[in-house]
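The block underneath contains the structure these notes are about, expressed in structure tokens.
Just so it is clear, none of the values below were taken in a lab; they were calculated from the coordinates. None of the values given here were measured: they were computed from a predicted structure. Ideal geometry is used to build each Cβ from the backbone, glycine not excepted, and the neighbour counts take in all protein chains shown.
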């Protein structure tokens, strides 16, 4: 019997019994240590073998609040409130207008900078120049810095895809079970920035094409699984999605404007266009079967 559904995982009464037995047999464990034992007992790991312990702790807290288990006391009850996120400092770069053709700007270099010293530069550029600013992605994610003539010209951020997205799910045509099992094979392009001093016709669609050829291999190197489909949102009050259409992305439909934590079934944010791009020809078969 399913007693709780949390972030796409069904927790059965047998799962709850496992947690209760671990709490009873290993008194004195911290909640983090307990979450690692639960992950080991459930075989709950990411594709790269890392335990899903952070999500597991949140899940156990939900079970605790619902009265299914009794967690050990938190060791950090008296900790001070978390400080506000420090504002990212502006980037001090030469910003003379770069007006040229694709051929004239010379070689364009795309670097995956997650977990490197250049990562902070991507954060600062997006914070300073993207209308949504920078927000640290949740879950698996990669970040890219694009340079030409030795200077940054663009950035990308890709992250785990939303679990429920009607236009995408209808386009793929996968079953509910397949979506739940294989959503990790879809990546969401959460940020795309062309630096405002860069004026190079067709650069955006050129970079989108370049990313489509390397994203899956980069993802597999970091997270031990490929990506077969990528998606993004476009705010039609600001943009037309021209560069996506030029790069052969497909318009899939509109969001409902309700967000992932909707409780009212009423729009509470701007509606966005959904664009998607298959990275392999047989993406539907792979996403249905988890290949």
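Quick notes on this one:
- Each of 231, 288, 220 was scored by other Cβ atoms within 10 Å of its Cβ. Listed from fewest to most, they are 220, 288, 231.
- If you plug the beta carbon distance of residue 269 and residue 170 into 1/(1 + (r/R0)^6) with R0 = 22 Å, you get a FRET efficiency near 0.60.
- In degrees, nearest ten, helix 203-223 long axis to first principal axis of the chain (Cα): 30 degrees
- Inter-label distance, residue 32 to residue 46: 1.6 nm, where each label sits 7 Å from its Cα along the C-beta direction.
- Compactness of the chain - radius of gyration and Dmax, Cα, Å: 21.7, 68
- Gyration tensor verdict on segment 128-223 (Cα atoms; rounded if a/c is under 1.5, prolate if a/b is larger than b/c, oblate otherwise): prolate
- Highest mean first, the peptides 134-140, 236-242, 181-187 sorted by other C-beta atoms within 10 Å per residue fall in the order 181-187, 134-140, 236-242.
- Degrees separating the helix 53-65 axis from the principal Cα axis of the chain, which is the longest one: 50 degrees
- The long axis of helix 119-129 is offset from the longest Cα principal axis of the chain by roughly 70 degrees.
- Where only C-alpha atoms are counted, convex hull volume of segment 161-291 per residue in Å³: 123 Å³
- For residue 177 and residue 238, a Förster radius of 41 Å and the Cβ-Cβ distance give a FRET efficiency of 0.65, rounded to the nearest 0.05.
- A crude spin-label estimate for the pair residue 71 and residue 1, with each label 7 Å from Cα along the Cβ direction, gives 2.4 nm.
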